[in-house]
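Visitor: Starting off with a structure, shown below.
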Amino acid sequence: MPQLIDTGSATRTAASPDVLYFPGDAGYDEARRAWNLAVDQRPAAVALPATVDDVVASVDHARTVGLRVAVQGTGHGARHDLLDGTLLINTARMTGVEIDASARVATVAAGTIWIDVVDAAVEHGLTALHGSAQDVGVVGYSLGGGIGWLSRKHGLSASSVLSAEVVTANGEVVRADPEANPDLFWALRGGGGSFGVVTSVEIALYPVAEAFAGWLIWPMDRAGEVLAAWADWTRTVPEEVTSIGRMLQLPPIPEMPPALRGRQVVVIEAAYLGDEASGRELLRPLLDLEPEIDTFATVPARGLTELHQDPPAPVPAVSDGWMLDTLDAAAATAIVEAAAMDGTAPLLSLEIRHLDGALGRPDPNGGVLSHLEASYALYAVGAQMGPVTGDAIESRIGEVRAASAPWVSRSTYFNFADGDVDASDFYPSGAFGRLAAIRAELDPDTLFRARHTI
């Protein structure tokens with residue numbers, strides 16, 4: 001047993017790995033910082049591994065001194081209540097992408113973000129099932145499901161994971177794929193980080209070189225009308241179309257185009273895996289509403305990573321999301337009225353994503369989360385800056401949820417649920433019991449903690 005050194009935290013030992021940072025160490029504050037600046041994480045220690053061996057040493061150290069283990073790449077999904085008595089393994093140093101163009105496979109290290117995968121893949125006429133933000137980590141995003149601009153055609157990102165390298169609770173490095181450790185492989189794809197430290201994944205790539213994509217923009221006072229029309233439109237479009245109905249309060253900053261700076265607008269964002277002529281025809285019902293601005297054009301596959309225009313730098317965000325079984329004019333009106341994004345509301349963005357298509361079909365080769373049972377996902381976010389408080393944002397999100405209650409689905413989506421939820425609500429009926437049994441077998445002492453721990 002390593003000798004404990006009294007540091008006030010009782011977590012450093014004579015055999016502590018060199019990659020560990022403890023409270024008071026130079027580098028601890030930077031290592032513990034999440035992308036979401038509203039979350040002040042204070043773990044008992046932080047590991048910044050550069051290799052798989054570093055991860056093994058960190059897991060062994062935590063188990064030896066009685067700490068639990070949580071894993072984080074970028075910290076987009078960080079939570080306030082996760083890290084007490086916990087060693088945080090920050091995988092930011094473990095980056096890298098290898099492309100096998102003939103097999104259409106990318107091998108991705110644990111801390112890699114989506115833009116690095118897309119940049120490597122597009123050189124071969126390929127792309128990945130990335131999300132809407134360039135700087136989200138591939139592994140965390142995929143373990144929670146993953147919905148993006150190709151999802152209605154190709155399904156959840158979790159189902160594109162072909163294998164994973166995992167450090168288990170006992171410090172063993174294992175491969176998980178359909179033949180090796182198939183139960184672990186099934187659990188990882190949608191089950192999150194409760195089963196081990198994923199140090200790399202192999203993911204499928206897709207032959208997409210370009211898309212017809214862009215925004216249609218109207219003033220906010222037309223939000224109810226536009227979102228109701230968009231909801232009707234979503235029930236007619238092919239799976240090649242993925243779209244979002246969104247309300248935005250744009251800040252009055254120089255980086256914003258003058259036509260949008262400081263305004264409140266309603267936006268339809270969409271990407272169509274087809275040509276411009278047929279894309280324009282598909283858009284006709286929305287174009288008939290005479291948008292003030294139309295940015296649609298044929299863009300290279302890489303351009304889809306910029307379509308949603310997520311913040312380019314960390315922000316103090318307060319957010320939450322849930323799913324809707326359906327969306328109609330009454331639902332759109334109720335959501336618009338509750339959000340009250342008139343220039344005084346604390347929300348910056350409220351988006352509703354159209355699901356269905358491949359996202360709604362069970363994938364027999366998928367993991368525990370092979371599809372989503374609802375037709376729409378709603379996500380609302382505000383920035384805790386200036387006079388806007390976290391309580392005010394949470395209160396307004398609560399009002400939106402209450403107003404949308406008649407349409408809220410029984411199920412919810414792992415990556416959008418930022419509050420406390422029953423983890424069984426993420427999965428189809430009967431799946432959670434098997435998931436919990438796999439967790440109990442792999443990690444009987446519950447070493448690992450996750451954003452939504454199984």
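The values are calculated or read from the model by the stated rules, or taken from the named source; none is laboratory data. Just so we're clear, the structure is a prediction, and the values are computed from it rather than from any experiment. No Cβ is skipped: glycine too gets one built from the backbone with ideal geometry, and neighbour counts run over all protein chains shown. Accessible surface is based on the protein model in full, side chains and every heavy atom, while ligands, DNA and RNA are left aside. Shrake-Rupley method; radii C 1.70, N 1.55, O 1.52, S 1.80 Å.
Visitor: Over region 45-92, what is the relative contact order in whole percent, taking alpha-carbon pairs under 8 Å and six or more residues apart?
Guide: Rounded, it is 54 percent for region 45-92.
Visitor: Something else about it: Just the number please: accessible area per residue for the chain, 1.4 Å probe, all protein chains included, in Å².
Guide: On a per-residue basis, the chain sits at 40 Å².
Visitor: Sort region 201-322 into rounded, prolate or oblate with this rule: let a ≥ b ≥ c be the square roots of the eigenvalues of the Cα gyration tensor; rounded if a/c is under 1.5, and if a/c is not under 1.5, prolate when a/b is larger than b/c, oblate otherwise.
Guide: Oblate is the answer for region 201-322, as a/c is 1.5 or above yet b/c matches or exceeds a/b.
Visitor: In addition: In whole angstrom, note down how far apart the Cα centers of region 225-292 and region 169-186 are.
Guide: Region 225-292 and region 169-186 have Cα centres separated by 42 Å.
Visitor: Another question about this same structure. Sorted by mean Cβ packing within 10 Å, highest first, what order do the peptides 241-250, 340-349 take?
Guide: Going from most to least packed, we get 241-250, 340-349.
Visitor: Moving to a separate point now. Pairs of alpha-carbon atoms within less than 8 angstrom and 6+ residues apart define the contacts here; what relative contact order does the chain have, in percent?
Guide: 17
Visitor: Residue by residue through region 366-376, what is 3J(HN,Hα) from phi via Karplus (6.51 cos²θ - 1.76 cosθ + 1.60, θ = phi - 60°)? Round to whole Hz and write x for glycine and proline.
Guide: Residue by residue, region 366-376 yields x, x, 4, 10, 9, 6, 10, 7, 8, 9, 9 Hz.
Visitor: Moving to a separate point now. Taking the Cα atoms only, what angle lies between the long axis of helix 182-191 and the longest principal axis of the chain, rounded to 10 degrees?
Guide: Around 50 degrees separate the two axes.
Visitor: Measure nothing but the geometry: give the 0 to 90° angle between the long axis through the Cα atoms of 431-442 and the longest principal axis through the Cα atoms of the chain, rounded to 10°.
Guide: In the chain, helix 431-442 runs at an angle near 20 degrees to the longest axis.
Visitor: Leaving out ligands, DNA and RNA, and with a 1.4 Å probe, what % of the accessible surface on the chain is carbon or sulfur?
Guide: Using a 1.4 Å probe with all protein chains present, the chain comes out at 51 percent carbon and sulfur.
Visitor: Ranking request for peptides 267-273, 307-313: highest mean number of other beta-carbon atoms within 10 Å first, then the rest in descending order.
Guide: Top to bottom by mean Cβ count within 10 Å: 267-273, 307-313.
Visitor: Now for a separate question. For the Cα atoms of the chain, what angle does the longest principal axis make with the long axis of helix 52-65, in degrees from 0 to 90, nearest 10?
Guide: 70
Visitor: So what is the 222 nm mean residue ellipticity for the chain from helices alone, if each DSSP H run of at least 4 adds -39500 (n - 2.57) and you divide by all residues, rounding to the nearest 500 deg cm²/dmol?
Guide: Helix-only estimate at 222 nm: -7000 deg cm²/dmol.
Visitor: Moving on. What does the charge dipole of the chain about its Cα centre add up to, to the nearest 20 debye, if the Cβ of each Lys and Arg holds +1 and the Cβ of each Asp and Glu holds -1?
Guide: Charge dipole, the chain, about its Cα centre: 420 debye, nearest 20.
Visitor: Okay, moving on. Given an 8 Å cut-off on Cα distances and at least 6 residues of separation, report the relative contact order of region 139-204 as a percent.
Guide: Once normalised by length, the contact order is 41 percent.
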